[in-house]
Amino acid sequence: MRTLFISDTVPFPPHSGGKQRDYHILRGLARVSDVTLLCFVQPDDDADTLPEIGHLYKDLHILRCGGRQGMRTRGLGGALKLMTNTFEYLHPSMPALFRWYSSPRAAALVKRLYAQPFDLVWAEKLFSLPLFPMPPDKRVLFDLHDIEYRKLGRRLRNAPFYRLKPLEFADYLKLRSLERRLRKLPIELAVCSDADRTALGADSRIWVVPNGVDLPSRDPHYPLPGNVPLILFTGTMNYPPNVDAARFFVRSIFPRIHRAVPGARFMIVGRDPLPVVQRLHDGEKIVVTGAVPDVASYFSGATVVVAPIRFGGGTRIKILEAMAQRKAVVSTTIGAEGIEGQSGKHFILADAPAAFADACLSLLRNSDLRERLGNEAYCLVRDQYQWSQIERQVQRIVTGPGRSLG
């Protein structure tokens, strides 16, 4: 079989949630087909890493992508970026998401590759949808990491007013109209969870392909943490949902915890922290590490892991990583969306600041509860959310109903 795999980023090294998903989807595809890989290279991507995964593809094409311009830079540069962003939002029907990737060169390359005799075109996210003929004359599948209109709508509800908010609300309406019509197109879709599948209409052409995690090489039975109660949050810290989560926790949740447990510390671990995240660091109660060689090593000293996410979509790999490390997790409902676990058994869900703080305090004070939640969480990930299992699901989709994987 031959597959054209289109990624909106360089899928290696897999050091963020999106890159991890792309990398493991690619691994699954490569086991049952010859893959032609087309990467849209983002400004912070390193295309020089692609030869390291050369065994996963037969042919490679890359396109440089300008990506989204920052919205809040001051001065003349900020004004120019604002003008650029404003223009991107003015199309009457096309969401800005598509315009960030569209170019005559991209359209020509996709058209040329599409004309080749591929058995399947697997495209990550929706950005390349306008580059394909409709209806397609071959099997085309779009893998939706998020339902974009739900993700944007949640962010707009939680964000104060800013200059582009009215235009982003208009974009939300465009995305909602588009994504609700997707199941009417002669294409297939993959989503991260049953909740996302339901949001799109639960059509038979919508596959559920969860996010996953690799289990630690050794079963992580840690000794009890030391005398310092440590609360951990991990993630790429220039990603808006993570930035909002860190600020929300520091401003609205952590003060309640610290009043009850004065020795408690909060640690934010993840690469590329924006200045607003760096300013949360005080070196005592709150520590912002930036990039670290091995995020997993920070779990060993953590008492509780938190995911105070207020918007976004998909399945949070950061939560699965903590669960795989047998850590007790407190998350918002949105943060744990897509993970088939139960609050009180596999993690604790809380949305209001007071309830979230109380959940953290109950775990800080109760080692038996932490151990029970951590053990149940580990078993859930082991049974349902290993990347090897997700790769097998990709293989089943590629080979089609009723065909053997061999």
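The values are calculated or read from the model by the stated rules, or taken from the named source; none is laboratory data. The shown structure was predicted, so the numbers you read here are calculated from the model rather than taken from an experiment. Here Cβ is always computed from backbone atoms with ideal geometry, including for glycine, and neighbour counts include all displayed protein chains.
Working carefully through the options Gly153, Gly201, find the one that is in contact with a Phe, Trp or Tyr (Cβ under 6 Å, 6 or more places away or on another chain), in the same structural domain as Leu26 (by TED's automatic domain parsing) and small (Gly, Ala, Ser). Don't jump to the end; show me each part of the working.
Numbers: Gly201 fails: in contact with a Phe, Trp or Tyr (Cβ under 6 Å, 6 or more places away or on another chain).
None of the others qualify; the one that does is Gly153.
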Next on the checklist: Yes or no: segment 321-341 includes at least one residue that is under 25 Å from Gly153 (Cα atoms), hydrophobic (A, V, I, L, M, F, W, C), at pLDDT 95 or above and in contact with a strand residue (DSSP E or B) (Cβ under 6 Å, 6 or more places away or on another chain).
Outcome noted: yes
Item to check | Members of segment 1-42 that are assigned to a loop (DSSP other than H, G, I, E, B) and within 23 Å of Ala296 (Cβ to Cβ) | outcome: Thr9, Val10, Pro11, Phe12, Pro13, Pro14, His15, Ser16
Checklist entry - Does segment 357-370 hold any residues that are within 16 Å of Lys345 (Cα to Cα) and either hydroxyl-bearing (Ser, Thr, Tyr) or in contact (Cβ under 8 Å) with a residue 12 or more places away in the chain (or both), and which are they? => result Ala359, Cys360, Ser362, Leu363, Ser367, Leu369, Arg370
Item to check | Residue ID - modelled with the lowest pLDDT, chosen from residues in segment 258-312 that are farther than 25 Å from Asp44 by Cα and basic (Lys, Arg) | outcome: Arg310
Next on the checklist: Exactly one condition in (1) under 13 Å from Val269 (Cβ atoms); (2) buried (at least 22 other Cβ atoms within 10 Å of the Cβ) is false for Val288; which is it?
Outcome noted: (2)
Item to check | Any chance Val10 is modelled with pLDDT of 75 or more and within 18 Å of the chain's Cα centre (by Cα) | outcome: yes
Checklist entry - Yes or no: Arg105 closer than 23 Å to Ile187 by Cβ, at pLDDT 75 or above and part of a helix (DSSP H, G or I)? => result no
Checklist entry - Taking Ala307 and the conditions (1) in contact with a Pro (Cβ under 8 Å, 6 or more places away or on another chain); (2) within 23 Å of Asp383 (Cα to Cα), which numbered condition does it fall short on, given that it satisfies the others? => result (1)
Checklist entry - If only one of Leu97, Leu113, Leu131 is in contact with a strand residue (DSSP E or B) (Cβ under 7 Å, 6 or more places away or on another chain) and crowded, with 16+ Cβ neighbours inside 10 Å, which one is it? => result Leu113
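Of these, Arg163, Arg181, which one is of a type in the set (Lys, Arg), surrounded by fewer than 19 Cβ atoms within 10 Å (Cβ to Cβ), assigned by TED's automatic domain parsing to the domain that holds Arg99 and not in a helix (DSSP H, G or I)?
Details: Arg181 fails: not in a helix (DSSP H, G or I).
Testing whether each residue is of a type in the set (Lys, Arg), surrounded by fewer than 19 Cβ atoms within 10 Å (Cβ to Cβ), assigned by TED's automatic domain parsing to the domain that holds Arg99 and not in a helix (DSSP H, G or I) leaves just Arg163.
Is it fair to say Ala190 is under 21 Å from Thr9 (Cβ atoms) and either modelled with pLDDT under 90 or touching a Phe, Trp or Tyr at 6+ places or on another chain (Cβ under 7 Å) (or both)?
On the way: under 21 Å from Thr9 (Cβ atoms): yes; either modelled with pLDDT under 90 or touching a Phe, Trp or Tyr at 6+ places or on another chain (Cβ under 7 Å) (or both): yes.
The answer is yes for Ala190.
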Item to check | Residue list for segment 184-202, filter: surrounded by fewer than 20 Cβ atoms within 10 Å (Cβ to Cβ) and among the small types (Gly, Ala, Ser) | outcome: Ala195, Ala199, Gly201, Ala202
